[in-house]
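Only one structure is covered here, and it is reproduced in the block below.
The values are calculated or read from the model by the stated rules, or taken from the named source; none is laboratory data. Computed from a prediction, not measured in an experiment: that's the story for all the values here. Cβ placement follows ideal geometry from the backbone for every residue including glycine, while neighbour counts extend to all protein chains displayed.
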Number of protein chains: 2
Amino acid sequence: MTGSTPAPFTADDYRARMERAARAAADAGLAGLLVAPGPDLVWLTGYAPPAVTERLTLLVLVPGRDPVLVVPTLEAPDAEKAAGAPALTLRDWTDGTDPYAVASALLDACGRFGVSDNAWAMHLLGVQKALPGTSYASLTEALPMLRAVKDAAELELLAAAGAAADAAFEEIRKLPFGGRRESDVAADLADLLRGSGHSQVDFTIVASGPNGADPHHEAGDRVIRGGDMVVLDFGGLKDGYGSDTSRTVHVGEPGPEERRVHEIVREAQEAGFRAVRPGAACQEVDRAARAVIAEAGYGARFVHRTGHGIGVTTHEPPYMIEGERQPLVPGMCFSVEPGIYLPGRFGVRIEDIVTVTEDGGRRLNDTTRELVLVD
Amino acid sequence: MTGSTPAPFTADDYRARMERAARAAADAGLAGLLVAPGPDLVWLTGYAPPAVTERLTLLVLVPGRDPVLVVPTLEAPDAEKAAGAPALTLRDWTDGTDPYAVASALLDACGRFGVSDNAWAMHLLGVQKALPGTSYASLTEALPMLRAVKDAAELELLAAAGAAADAAFEEIRKLPFGGRRESDVAADLADLLRGSGHSQVDFTIVASGPNGADPHHEAGDRVIRGGDMVVLDFGGLKDGYGSDTSRTVHVGEPGPEERRVHEIVREAQEAGFRAVRPGAACQEVDRAARAVIAEAGYGARFVHRTGHGIGVTTHEPPYMIEGERQPLVPGMCFSVEPGIYLPGRFGVRIEDIVTVTEDGGRRLNDTTRELVLVD
């Protein structure tokens with residue numbers, strides 16, 4: 001998160017989030033939460049260390065006690081500047097001393113704790129060794145919905161990030177594609193995202209022709225040609241909250257199969273969106289989108305889940321995937337992004353961020369989902 | 001590591017490294033190594049996934065068996081393109097299936113394994129849950145010197161990265177400092193690093209006046225003025241290997257105390273460098289540098305360790321710190337970077353990358369260590 005503009009929240013906002021997280025931990029039967037640098041720490045405290053290194057930084061949240069942030073001494077000045085710092089006690093440790101002794105002194109020696117998914121294994125092992133009687137669950141397993149339900153201020157930030165990404169798409173579609181490298185178009189997309197207020201660009205996928213058949217192709221040296229389908233998938237952080245949208249464009253006039261495949265994906269995306277309503281399970285969104293593609297005979301070519309959550313990151317729980325029975329709740333925000341991938345030929349993906357409302361869903365991306373023809 | 005040019009190694013090079021790592025694991029009494037995306041995986045296989053996400057990617061190295069890389073199905077095409085892929089068996093898993101079942105099927109159910117430091121806690125917990133009889137140690141704890149001793153090809157790449165960083169310093173010192181923001185000078189430094197062949201810029205610290213007293217200050221809005229000390233600390237990756245150097249410059253003529261503090265740090269850095277020789281413990285380098293600063297009365301103002309290793313990252317073991325008894329071995333590469341930090345006033349740090357030779361040390365940075373005056 002280094003370098004990104006922090007979200008405009010106050011120490012009171014962070015205090016409220018930490019209290020809510022500690023209560024949720026207690027309700028889940030946990031003795032506390034251990035939160036390492038990353039999105040959970042940003043969301044709970046507004047703090048992102050200048051770099052994530054092997055030096056232990058760990059927020060210890062124990063229900064009924066004040067939150068403590070364990071930090072390396074030489075990063076304490078950075079931590080003190082975090083928006084959430086007034087709601088925290090800082091406890092620093094110096095190079096050469098044992099940081100796990102500092103952290104474990106704050107923990108019940110026989111407790112079960114939630115630990116942030118991306119905490120380093122070496123830090124988890126360090127605490128486990130200091131307190132062999134403790135046990136652990138990943139935050140996603142223990143409290144999967146901790147950050148999933150956004151409040152009004154967060155929704156506004158996500159909507160603004162979505163609108164900024166949409167503005168980037170409206171500009172990129174006007175530019176020439178044919179004859180330029182994928183990496184050139186990707187650089188333009190990154191500039192447009194920054195120009196529309198993004199402080200951090202996470203990805204600018206430009207996958208042309210056969211490259212589009214690899215859902216994770218980024219952008220390479222391939223020169224885009226007339227007749228290419230081009231998958232664009234781009235996003236990043238604006239004011240601390242994420243954008244992520246995909247549109248597939250075609251260079252010049254498409255053939256009938258390209259039109260047909262694009263239309264199937266468009267209908268699948270629409271079906272996924274229509275399945276969004278409070279109380280529906282996450283997997284229902286996946287099933288709705290997948291059913292359209294399967295009925296059209298391309299089931300085996302939709303090789304990924306339908307969506308993922310978004311918030312202070314561009315990729316987080318909840319996941320729209322078979323087996324995820326978590327019910328949707330108003331305020332949840334996630335992508336709906338079915339695709340069809342034809343190896344050696346082309347791919348199509350259409351993606352919007354959707355938020356759950358009181359009676360359905362609302363898209364935070366609003367550019368056309370019809371096949372756009374570019375030069 | 002995304003976006004950085006990979007180092008120019010072949011599948012045979014990676015095969016040899018994996019075999020060496022598996023042998024080292026066996027010698028350390030481990031049943032194998034579990035390596036997640038990050039520098040260990042880059043070093044062992046040349047592979048860095050397009051993004052590090054919650055989806056499990058894990059290299060399983062078991063002595064006497066072929067290495068297996070567990071990857072998400074939709075990232076398999078990326079993994080297949082890695083330089084080390086021909087030396088690996090890929091085993092992919094699809095969204096919705098259990099990746100820990102795939103990984104744990106490759107492991108001795110009662111073994112002790114080394115796990116890369118930065119593996120996600122959620123993945124370690126996933127494997128621990130699948131195989132409750134296993135136990136784990138972090139790679140740095142189990143095999144601290146796995147990547148520490150560089151071969152001739154690696155040394156050449158590190159020397160080239162150091163020379164490129166030196167070239168950036170020779171240019172930046174010619175530019176005006178006074179009247180410009182730290183962030184402007186930092187942007188110039190980043191451009192110069194890229195211009196000298198860096199594919200990835202990791203940090204460009206420009207810490208002027210009182211900001212220099214915070215060793216982890218990056219670069220901010222402060223306008224640099226005549227009479228400021230300015231700490232410059234910059235580096236990144238060139239052809240997959242790291243640079244990291246610090247010089248402290250002064251805007252205009254310095255006062256006697258500024259000259260004196262700079263000279264103490266210069267002597268401390270020289271003393272640290274002189275302590276480098278095969279068989280000396282890492283902590284002796286720290287002690288040698290620290291003694292100079294302590295004798296000059298600034299012991300309490302040298303608030304960090306003296307150095308860290310460098311290789312496929314700009315920051316890794318071994319650490320030059322009190323308590324680290326690991327003996328130096330020819331081919332090890334690390335920073336020697338003492339500093340003095342005077343809160344509210346200024347800071348000084350001087351840093352070279354040093355490699356251990358048969359009979360001492362050799363610096364990979366070669367710009368002047370005298371106080372440079374800038375405009």
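What to note about this one:
- Sole residue being in contact (Cβ under 8 Å) with a residue 60 or more places away in the chain, in a helix (DSSP H, G or I) and hydrophobic (A, V, I, L, M, F, W, C), chosen from B:Val261, B:Val285: B:Val261
- With respect to being over 20 Å from A:Ser116 (Cα atoms) and in contact with a strand residue (DSSP E or B) (Cβ under 7 Å, 6 or more places away or on another chain), A:Ala76 fits the description.
- Residue check, B:Lys174 part of a loop (DSSP other than H, G, I, E, B), surrounded by fewer than 22 Cβ atoms within 10 Å (Cβ to Cβ) and at negative phi: yes
- Scan the range A:324-375 for residues that are of a type outside the set (Lys, Arg) and in a strand (DSSP E or B) and the total you get is 23.
- Boolean, A:Ala121 is modelled with pLDDT of 95 or more, over 15 Å from A:Leu58 (Cβ atoms) and aliphatic (A, V, I, L, M): no
- Count of the range B:78-118 residues which are within 30 Å of A:Gly212 (Cα to Cα) and either surrounded by 23 or more Cβ atoms within 10 Å (Cβ to Cβ) or within 14 Å of chain A (Cβ to nearest Cβ) (or both): 18
- Flag for A:Arg349 being away from chain B (no Cβ under 14 Å) and in contact (Cβ under 8 Å) with a residue 40 or more places away in the chain: no
- Filtered by the rule that a residue be hydrophobic (A, V, I, L, M, F, W, C) and within 27 Å of A:Tyr319 (Cα to Cα), the range B:61-91 gives B:Leu69, B:Val70, B:Val71, B:Leu74, B:Ala76, B:Ala79, B:Leu90.
- Taking the criterion of being assigned to a strand (DSSP E or B), within 25 Å of the chain's Cα centre (by Cα) and not β-branched (Val, Ile, Thr), the residues of the range A:239-258 that qualify are A:Tyr241, A:Gly242, A:Ser246, A:Arg247.
- Scanning the range B:321-343 for residues that are more than 10 Å from chain A (Cβ to nearest Cβ) and aromatic (Phe, Trp, Tyr) yields a total of 1.
- For the range A:290-320, a tally of residues being at pLDDT below 95 and within 11 Å of chain B (Cβ to nearest Cβ) returns 9.
- If you go through the range B:1-28 and keep only what is modelled with pLDDT of 95 or more and touching a strand residue (DSSP E or B) at 6+ places or on another chain (Cβ under 7 Å), you end up with B:Met18, B:Ala21, B:Ala22, B:Ala25.
- Checking each residue in the range B:198-221 for being crowded, with 18+ Cβ neighbours inside 10 Å and part of a loop (DSSP other than H, G, I, E, B) picks out B:His198, B:Asp214, B:Pro215, B:His216, B:His217, B:Glu218, B:Ala219.
- Looking across B:Gly178, B:Gly162, one residue alone is at pLDDT 95 or above and either more than 17 Å from the chain's Cα centre (by Cα) or in the same structural domain as B:Leu30 (by TED's automatic domain parsing) (or both). It is B:Gly178.
- The requirement of being of a type in the set (Ser, Thr, Tyr), in contact (Cβ under 8 Å) with a residue 60 or more places away in the chain and under 19 Å from B:Leu139 (Cα atoms) is satisfied by B:Tyr14.
- Looking across the range A:67-77 at every residue that is among the hydrophobic types (A, V, I, L, M, F, W, C) and within 14 Å of chain B (Cβ to nearest Cβ), the one that is surrounded by the most Cβ atoms within 10 Å (Cβ to Cβ) is identified as A:Val71.
- Checking each residue in the range A:127-156 for being charged (D, E, K, R) and either at positive phi or within 11 Å of chain B (Cβ to nearest Cβ) (or both) picks out A:Lys129, A:Glu141.
- Test for B:Gly126: is it within 30 Å of A:Ala119 (Cβ to Cβ) and part of a helix (DSSP H, G or I): yes
- Scanning the range B:196-210 for residues that are in contact (Cβ under 8 Å) with a residue 60 or more places away in the chain and more than 10 Å from every other protein chain (Cβ to nearest Cβ) turns up B:Ser199, B:Gln200, B:Ala207, B:Gly209, B:Pro210.
- When A:Ala268 is tested against (1) surrounded by fewer than 20 Cβ atoms within 10 Å (Cβ to Cβ); (2) modelled with pLDDT of 95 or more, exactly one condition is not met: (1).
- Any chance A:Asp286 is crowded, with 23+ Cβ neighbours inside 10 Å, of a type in the set (Asp, Glu) and touching a helix residue (DSSP H, G or I) at 6+ places or on another chain (Cβ under 9 Å): yes
- Note on the range B:41-71: among residues that are within 26 Å of the chain's Cα centre (by Cα) and of a type in the set (Gly, Ala, Ser), the one that is modelled with the lowest pLDDT is B:Ala51.
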